[in-house]
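Written out below as structure tokens is the structure these notes cover.
Quick note: the coordinates plus some simple rules give every number you see, no bench work behind them. Bear in mind that the values here come from a model prediction, so they are computed numbers and not experimental data. Cβ atoms come from the backbone with ideal geometry, glycine included; neighbour counts cover every protein chain shown.
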Amino acid sequence: MELYDVIIIGGGPAGLNAAVVLGRCRRKVLLFDHGKQRNLKSHGMHNYLTRDDIKPLQFLEAARKEIKKYGVTLKSVAVNNADKKNENYFTVTDINRKNYHSKKLILATGLKDKLPAIPGAAALYGNSMYHCPYCDGWEVADKKLAVYSKPKGGVELALTLTCFSNNITLFTDGKKYMRKSDKNILDKKNIKVISTPIKSFEGKNGKLKNITLVNGEKHMADALFFSGGYEVQCGLVESLGCTMGKDSLALTNKSQQTNIKGLYVAGDASKDMHFVVVAAAEGAKAAVYVNKELMSEENKKKPFG
Ligand SMILES: Cc1cc2nc3c(=O)[nH]c(=O)nc-3n(C[C@H](O)[C@H](O)[C@H](O)COP(=O)(O)OP(=O)(O)OC[C@H]3O[C@@H](n4cnc5c(N)ncnc54)[C@H](O)[C@@H]3O)c2cc1C
């Protein structure tokens with residue numbers, strides 16, 4: 001039986017950064033990825049020093065080249081099962097029913113966003129419809145901005161956007177209830193609230209033009225930010241028996257370790273902030289603690305540091 005030191009599932013920033021650290025430690029590493037990184041629709045990546053505005057695919061291609069240099073094996077295939085029935089190793093099964101085994105397992109399987117269920121949304125996503133003001137707010141500074149949110153997260157999102165523009169309208173798509181205290185704060189910041197249900201988003205070449213309401217009114221906007229939530233890309237974290245926190249995100253300690261010995265979770269699939277730089281940092285952290293754990297087992301000593 002071929003035994004890897006580490007299998008990593010997920011080749012976004014978290015998994016790739018874990019791979020480069022472990023590759024440089026000359027560990028035997030296998031990385032699985034089925035190419036559905038969360039930010040692929042983005043026009044350019046921000047908040048990652050020295051890589052400002054890089055296209056996500058360009059970033060991934062450079063990262064894949066680096067992990068290859070350090071001997072990491074990349075398999076572009078989906079994994080549909082992982083278990084630890086044997087106490088000494090994990091077994092990972094790909095969609096072709098092929099099994100692979102490793103001493104340690106890092107899950108960096110990410111999330112996917114739930115888009116508003118409104119005609120026109122998919123064509124705008126990533127180009128003029130965003131979920132994160134920190135990632136895309138600067139690019140639409142001083143423009144006419146719309147916020148789409150049925151849940152109460154819309155108030156916070158609209159207020160965050162006041163860093164970027166003073167022309168903001170919050171659309172609640174039929175949801176009329178709003179706490180009076182929230183409405184007062186929005187009024188003070190001149191944020192308009194429209195609760196009439198939305199019929200469609202209209203735009204051209206990915207650029208939003210109008211938000212059309214069911215009563216026929218059209219509201220022009222240059223960009224829209226939405227808060228609709230997200231879901232996990234795959235259920236492996238849960239099926240392996242990890243303790244889960246809010247929103248089906250895995251709970252880990254500061255070393256990215258889960259409650260299952262030898263199993264680590266890094267990136268958006270764990271509970272911290274959803275940024276590329278944070279995902280990459282968590283991947284690096286997981287890799288270092290995996291390496292420490294392997295060394296300690298190899299030396300039959302307690303973990304270092
Ligand atoms: C439109 C948009 C724009 C964004 N802009 C920015 C930005 O400017 N700056 C920033 O810091 N952040 C940005 N983000 C957030 C950023 O994309 C995430 O924080 C980051 O991608 C998380 O990295 P990750 O490695 O955890 O997950 P991901 O990048 O999502 O990677 C997870 C990988 O796991 C793979 N995978 C999952 N399950 C399996 C399986 N069973 N088998 C095989 N492979 C699997 C997927 O195919 C995917 O490639 C943006 C997000 C979106 C949606």
- Disulfide-incompatible cysteines by the Cβ rule (no partner under 4.7 Å) in the chain: CYS25, CYS163, CYS234, CYS242
- Message: For LYS75, give me every one of the aspartates and glutamates with a C-alpha distance below 13 angstrom, ignoring sequence neighbours fewer than eight places off in its own chain.
- Response: ASP33, ASP94
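Using the Cα centre as the reference, give the magnitude of the dipole from point charges on the C-beta atoms of the chain (Lys, Arg: +1; Asp, Glu: -1; all else neutral), rounded to the nearest 20 debye. Walk me through the intermediate numbers first.
Numbers: 48 positive and 30 negative charges, 41 e Å.
It comes to approximately 200 debye.
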- Item | Antiparallel content of DSSP bridges confined to the chain, in %, to 5 | 45 percent
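Taking neighbour counts of Cβ atoms within 10 Å as a proxy for exposure, in what order, fewest first, do LYS176, LYS218 appear? Could you put the intermediate results ahead of the total?
Numbers: LYS176 8, LYS218 12.
Least to most surrounded, the residues fall as LYS176, LYS218.
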- Is it possible to state the helix-based mean residue ellipticity at 222 nm for the chain, with each DSSP H run of 4+ residues giving -39500 (n - 2.57), the sum divided by total residues, to the nearest 500 deg cm²/dmol? What is it? -7500 deg cm²/dmol
- 3J(HN,Hα) from dihedral phi, the range 105-110, Karplus parametrisation 6.51/-1.76/1.60, rounded to Hz, x for glycine, proline: 9, 10, 9, 9, 8, x
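Per residue, what volume in Å³ does the Cα convex hull of the range 220-283 take up? It would help to have the intermediate numbers written out before the result.
Numbers: hull volume 6.2 nm³, N = 64.
Cα convex hull per residue, to the nearest whole number: 97 Å³.
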- Across all Cα atoms of the chain, Rg and the largest Cα-Cα distance (Dmax), in Å, are 21.9, 72
- Item | Ascending count of other beta-carbon atoms within 10 Å, so fewest first, for CYS234, CYS163 | CYS163, CYS234
- Item | the range 35-88: GluC sites (Glu not before Pro) falling in loop per DSSP and having at most 14 other Cβ within 10 Å | GLU87
- In the chain, taking the dipole from +1 charges on Lys and Arg beta carbons and -1 charges on Asp and Glu beta carbons about the Cα centre, the listed residue (GLY216, PHE90, ASN205) farthest towards the positive end is PHE90
- What is the fewest-to-most order of THR169, THR162 by other Cβ atoms lying within 10 Å of their Cβ? THR162, THR169
- Message: Quick query: amide H of VAL193 versus all other amide H atoms, modeled in the peptide plane; which residues come in under 5 Å with a sequence gap of 5 or more or a different chain?
- Response: LEU170
- Message: Once you keep just the Cα pairs under 8 angstrom separated by 6 or more residues, what percentage relative contact order results for the chain?
- Response: 21 percent
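Past the 29 Å Cα-Cα mark, which pairs from LYS152/LYS189; LYS28/LYS85; LYS183/LYS218; LYS104/LYS246; LYS199/LYS271?
Details: LYS152/LYS189 17 Å; LYS28/LYS85 21 Å; LYS183/LYS218 23 Å; LYS104/LYS246 25 Å; LYS199/LYS271 34 Å.
Flagged as over cut-off: LYS199/LYS271.
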- Item | ³J(HN,Hα), Karplus 6.51/-1.76/1.60, whole Hz, each residue of the range 171-188, x for Gly, Pro | 9, 9, 6, x, 7, 8, 6, 8, 4, 4, 5, 5, 4, 4, 5, 4, 4, 4
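Is there a pair in LYS144/LYS180; LYS114/LYS207; LYS55/LYS254; LYS55/LYS204; LYS41/LYS144 whose C-alpha atoms are over 27 Å apart, and which pairs would that be? Spell out each step's value before the answer.
Details: LYS144/LYS180 25 Å; LYS114/LYS207 20 Å; LYS55/LYS254 30 Å; LYS55/LYS204 21 Å; LYS41/LYS144 22 Å.
Over 27 Å Cα-Cα: LYS55/LYS254.
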- Task: Would you mind checking which residues have amide H under 5 Å from LEU31's amide H? H placed 1.01 Å from N; only 5 or more apart, or other chain.
- Result: ILE8, THR73, LEU74, LYS75
- Going by the alpha-carbon gyration tensor, a ≥ b ≥ c the square roots of its eigenvalues, is the range 20-83 rounded (a/c under 1.5) or, if a/c is not under 1.5, prolate (a/b greater than b/c) versus oblate? oblate
- For a paramagnetic label modelled at 7 Å from the Cα of LEU3 toward its Cβ, which residues of the range 244-273 fall within the zone defined by backbone nitrogen distances under 17 Å? 261-263
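Pull out a ≥ b ≥ c, the square roots of the eigenvalues of the alpha-carbon gyration tensor of the range 58-102, then state rounded if a/c is under 1.5, prolate if not and a/b is larger than b/c, and oblate in the remaining case. Walk me through the numbers on the way to the answer.
On the way: a/c = 3.27, a/b = 1.95, b/c = 1.68.
Prolate, because a/c is 1.5 or more and a/b exceeds b/c.
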